[in-house]
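The values are calculated or read from the model by the stated rules, or taken from the named source; none is laboratory data. Everything quoted here is computed from the prediction, not taken from an experiment. Virtual Cβ from ideal backbone geometry, glycine too; neighbours counted across all protein chains shown. Just the protein is used for accessible areas: all its heavy atoms, side chains included, with ligands, DNA and RNA removed. Shrake-Rupley method; radii C 1.70, N 1.55, O 1.52, S 1.80 Å.
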Amino acid sequence: MSKKEIPAYNPAEIEPKWQQKWETDGLYHADIDPNQEKFYALTMLPYPSGDLHIGHWYAISPSDARARFKRMQGYNVMFPMGFDAFGLPAENAAIKRNIHPKQWTYKNIDNMRKQLRSMGTMIDWRREAVSADPKYYKWTQWFFVKLFKHGLAYHKMSPVDWCPNCNTTLAREQVWGEDRHCERCETPVIKKNLDQWFFRTTKYADELLKFDTIDWPEQVQTLQTNWIGRSEGASVTFRTEAGDDLKVFTTRPDTLWGATFMVLAPEHPLVKKITTPEQWNTVQGYIDEALRQTDIQREATDKEKTGVFTGGYAINPVTDERIPIWIADYVLMTYGTGAIMAVPAHDQRDFEFARKYDLEIRVVIQPDDKDEIVSGDMATAIPAKGRMVNSGALTGTPGDQAFEQIIAYLEKKGTGYRDVNYRLRDWLISRQRYWGAPIPMIHCPKCGAVPVPEEQLPILLPDDVEWKPTGESPLKLHPTWRKTTCPECGGPAERETDTMDTFMCSSWYHLRYLSPDYADGPFDPKEYDYWMPVDLYTGGIEHATMHLIYTRFFHKAMRDIGVTKGDEPMAALRNQGMVLGEDSEKMSKSRGNVISPDKLVQAYGADAVRAYLMFFARWELGAPWNSSGIDGTMRWLRRVWSMVLQPGQGQADQDTIRGLRRKVHQTVIQLTRDFENLQFNTTISGLMELLNEMVKAKQKGAWGSEAWDEAIDIYLRLLAPIAPHISEELWAALGKPYSVHTQTWPEADEEAAAEEEITLIVQVNGKLRDRIIVPAGISQEDAKAKALASDKVTRYLAGKEPRKVVVVPGRLVNIVL
């Protein structure tokens, strides 16, 4: 065949052809096989926003390549996909475009499913799960009932963002600007208490801090540890002058003698009771302003600290002194008890507050390396490290003994005890929205909150709903849906109109993939026993403190209920970075820097897009997009095409053949290691380097030899996980058995991969003086002799005898004078 007779590489023709054949043949169907070791490869499912963006490709296509690699290694690999289909954007579309959320969502799913297929992945589409399908959210509701019956779901009053003009709750995304106004009507948003549902995530706080049985990135472990925020300290009870207990948690109970005032969160339930009539108007105004801020705004370290005196006082339990009670927005009801004891001498925030409002500052910890400190001379708070002073009977107690002694002191007095506190809060799952899984609870005036009987699940969302411009949930406004009868007493009752946080749906989707059509439970137990746990989970690190905590909590809770097994749902986790726009900014439509993968596929083909996404950046880091870079990837694939199909000349010498085999098997070793470690960029560069060596060998007559045929065979198998279509096409063109994707991963011939010669670094007194080429297996004595015989080295020796010669085999020789 001459060059002119080689067909052109045409991705637009070959890619759809193979995608269709793989689907028709069920090539990627993953079924239970007790004789084969399983590998459950999972990547985070997308939200059906309408179009896959390049970030989806960056997450999914390298994960697909890794799954393909494991399959070629002999594992029975499941790589499923689905859609996290409930959520606020669908409701916004319903209001703005007058289209039902279901219609909008499923239209988007159809489009995104088609886009996912164009990637050429090994997704087993039989296992698709869509969280908005009744057959899915029936089991989301079933899980809720299980949690409720086991005391892990409860309801209580809790604040939400509320628009008083629209008369509705708002999601975080709907509260705009520093002044926190409603995105629809620009009315200032307020906080309002509503009866809402929670899951007891805090019950699992200590277990969620254990990572010893899972292979998760250190950064994720750190983020989760900080989010859970375990602190050891003491709970201490102050009393207000009105006689109410006022409990605080402190990690430094040894500073109690320095607590000269108290600060409550503005929304603390005791504020109204302790505030004097003279102070009420001022306090109420401050509360109104504070409740319009987010917790992040209130806790900002650079924000000026403000507060208001309530007029009330508390009694310090160790000094019996009367200390003033203030409110301040930097104290949150969502952390600790919503009250703090302020020790301004030893806490900078309290110090600044005390200086601003002329409150007493009392030193109670004396640093060992400083003279006695006078509070009036202090320009800043001092570290609470040293011996106790001004602390009654405990004055003089050394710092390393203070904690235990004050705990014993408090417990003896009955005013405190050793305790542990967590930053982690119970999971608020109520959403005052329509497009979500209805919470399966019934409110009966006689029986209270009663779960819907399991045989009556799912509680379906009504389709005949009316959308108000205000965004109020149609479930509240529906004329009949909320009316029902109590399962316990048979009397009239009302359904819960809140729906569940969509993170509830995504906490268990990996289980529904096991058997999406199974009707007798959330999953088929046989499938669970074979496939679980997930062997490798991939996705963005931005989910570290929400989804990745929620799914761990969910698994552990269901384990205790008897639904799941084992302690963790995902054995290993890896995070990809982010693809930025060419302007190095996060991609967004408003910036006009969004990259359309569909257009790239039309121009270059899916294989080139996949390969470039794996090549242009370290996968775990990401990088700004470079539009011109993909041209180089396309040229590489065209060169592969020509190298395989274009005949050459035979009769290569043995050095060429040995060199070719050495590079081929070195590349097998490298790519095996790189795929295991998800180092996708170096898998591509390794294949590019091998291609260059193969082209040189072909020019030297290696074509047609046994070594050449071996090299082509191995190259296509190495390429198959990355560029599945061109690999399949070239494999078929060579007359090899279908399919390249059912072939085994190449095994390296270690002997063939060994270098015949290596370069040794030669140093004199630790400084580089020469590089010498020596046989790969050279002995230490011969390496020493070769180094000492170097002309460059003898010039530095100048006839002197070396004091010693250090040989690091295979690397260097250091001559010490």
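What's the percent breakdown of Cα-Cα distances in segment 571-622 across 10 Å bins, shortest bin first?
22, 45, 29, 4
For segment 439-506, just say rounded, prolate or oblate: build the C-alpha gyration tensor, square-root its eigenvalues into a ≥ b ≥ c, call rounded for a/c under 1.5, and beyond that prolate if a/b exceeds b/c, oblate if not.
It is oblate, given that a/c is not under 1.5 and a/b is not larger than b/c.
List the pair-distance distribution P(r) of segment 79-128, using every Cα-Cα distance, as the percent of pairs falling in each 10 Å bin from 0 up to the bin containing the longest distance, rounded to whole percents.
25, 44, 25, 7
How many Å³ per residue does the convex hull of the Cα positions in segment 755-817 occupy?
Normalising the Cα hull of segment 755-817 by residue number yields 66 Å³.
Where q = 0.12 Å⁻¹, what log10 of I(q)/I(0) comes from the Debye formula for segment 236-364, counting one point per Cα?
The computed values of log10 I(q)/I(0) come out as -0.40.
Kirkwood Rh over Cα pairs of segment 588-742 into Stokes-Einstein at 10 °C, 1.306 mPa s: D in µm²/s?
Here the translational diffusion coefficient equals 96 µm²/s.
What lysines sit close enough to residue 303 to cross-link, taking a C-alpha to C-alpha distance under 21 Å and skipping anything fewer than 8 places away on the same chain?
The qualifying lysines are 191, 356.
Across all directions of projection, what mean area in square nanometres is found for the Cα convex hull of segment 375-436? Please report the intermediate quantities before stating the final value.
Details: hull surface 35.9 nm².
Mean projected area of the Cα convex hull: 9.0 nm².
Can you check what the Kirkwood hydrodynamic radius comes to for the chain, Cα pairs only, in Å to one decimal?
With all distinct Cα pairs of the chain included, I get 31.9 Å.
At a threshold of 8 angstrom on Cα-Cα distance, excluding pairs fewer than six apart, so keeping six or more, what relative contact order does the chain reach in percent?
14 percent
Rule-of-thumb check for segment 173-303: C-alpha Rg over 2.2 N^0.38 Å?
Cα-based Rg divided by the globular estimate yields 1.39.
For helix 88-97, report the angle its Cα long axis makes with the longest principal axis of the Cα atoms of the chain; keep it between 0 and 90° and round to the nearest 10°.
90 degrees
If you take the beta carbon distance between residue 103 and residue 125 as r and set R0 to 30 Å, what does 1/(1 + (r/R0)^6) give as a FRET efficiency, to the nearest 0.05?
Step by step, r from the Cβ atoms, then E = 0.85.
Per-residue ellipticity at 222 nm for the chain, helices alone: DSSP H runs ≥ 4 residues times -39500 (n - 2.57), over residue total, nearest 500 deg cm²/dmol?
Dividing the helical sum by the residues of the chain leaves -11000 deg cm²/dmol.
How charged is the neighbourhood of residue 656? Take every other residue with its Cβ under 12 Å from the Cβ of residue 656, and add Lys/Arg as +1 and Asp/Glu as -1.
Its environment carries a net charge of +4.
Computed from the mean reciprocal separation of all distinct C-alpha pairs, what Kirkwood hydrodynamic radius does segment 364-488 have, in Å?
Kirkwood hydrodynamic radius for segment 364-488: 21.2 Å.
If every alpha-carbon in segment 703-765 counts as one equal scatterer, what log10 I(q)/I(0) does Debye give at q = 0.29 1/Å?
Debye intensities relative to I(0), on a log10 scale: -1.27.
What lysines could a cross-link reach from residue 476, if we take a straight Cα to Cα line under 18 Å and drop same-chain neighbours fewer than 8 places away?
192, 468
With just the Cα atoms of segment 1-107, tell me how far they stretch along each of the three principal axes, in Å, largest first.
62, 47, 25
Along Cα→Cβ, 7 Å out, is where each label goes; now give me the distance between the ones at residue 111 and residue 756 in nm to one decimal.
6.0 nm
Less than 22 Å apart at the alpha-carbon level, and either on another chain or at least 8 residues along: which lysines does that give for residue 70?
21, 38, 736
Return the loop-located GluC sites (Glu not before Pro) in segment 215-253 (DSSP other than H, G, I, E, B) with at most 14 other Cβ atoms within 10 Å of their own Cβ; answer none if there are none.
Taking segment 215-253 and a limit of 14 other Cβ atoms within 10 Å, the loop GluC sites (Glu not before Pro) found are 241.
Pop a pseudo-label 7 angstrom from the Cα along the beta-carbon direction at both residue 480 and residue 8 and give the gap in nm to one decimal.
6.3 nm
What Rg and what Dmax come out for segment 492-618 when only alpha-carbon atoms are used, in angstroms?
19.7, 63
Any chance you could give the angle, 0 to 90 degrees and rounded to 10, that helix 101-118 forms with the longest Cα principal axis of the chain?
With both axes taken from Cα atoms, the answer is about 20 degrees.
Roughly how far apart, in whole Å, are the Cα centres of segment 41-99 and segment 219-291?
44 Å
Averaging over all projection directions, find the projected area of the Cα convex hull of segment 524-591 and quote it in nm² with one decimal place. Intermediate results must be reported in sequence, preceding the final value.
Values: hull surface 26.0 nm².
Mean projected area for segment 524-591: 6.5 nm², to one decimal.
Per residue, what volume in Å³ does the convex hull of the Cα atoms of segment 47-90 enclose?
Taking the convex hull of the Cα positions in segment 47-90, it is 67 Å³ per residue.
Hey, what angle do you get for helix 547-561 against the long axis of the chain, alpha-carbon based, 0 to 90 degrees rounded to 10?
In the chain, helix 547-561 runs at an angle near 80 degrees to the longest axis.
In segment 478-492, whose amide N lies under 18 Å from the spot 7 Å out along Cα-to-Cβ of residue 446? List them in ranges.
Under 18 Å, as judged by backbone N against the label point of residue 446, lie 483-492 of segment 478-492.
Take residue 658 and residue 699, extend 7 Å from each Cα along the Cα→Cβ direction, and tell me the distance between the two endpoints in nm.
My value for the distance between the label points is 2.2 nm.
Using a 1.4 Å probe on the protein chains only, how many percent of the accessible area of the chain belongs to carbon and sulfur?
Values: 17780 of 36770 Å².
It is 48 percent, rounded to a whole number.
Provide the per residue accessible area, probe 1.4 Å, for the chain, rounded to a whole number of square angstrom.
45 Å²
Could you state the orientation-averaged shadow area of the convex hull built on the Cα atoms of segment 139-208, in nm² to one decimal?
6.7 nm²
So if R0 is 22 Å, what FRET efficiency would residue 21 and residue 135 give, r being the distance between their Cβ atoms, rounded to the nearest 0.05?
Details: r = 30 Å, r/R0 = 1.36.
E between residue 21 and residue 135, to the nearest 0.05, is 0.15.
Can you list which of the trypsin sites (Lys or Arg not before Pro) found in segment 262-323 are DSSP loop residues with at most 13 other C-beta atoms within 10 Å? Working shown, then result.
Working: sites: 272, 273, 292, 298, 303, 305, 322; in loops: 292, 303, 305.
Taking segment 262-323 and a limit of 13 other Cβ atoms within 10 Å, the loop trypsin sites (Lys or Arg not before Pro) found are 303.
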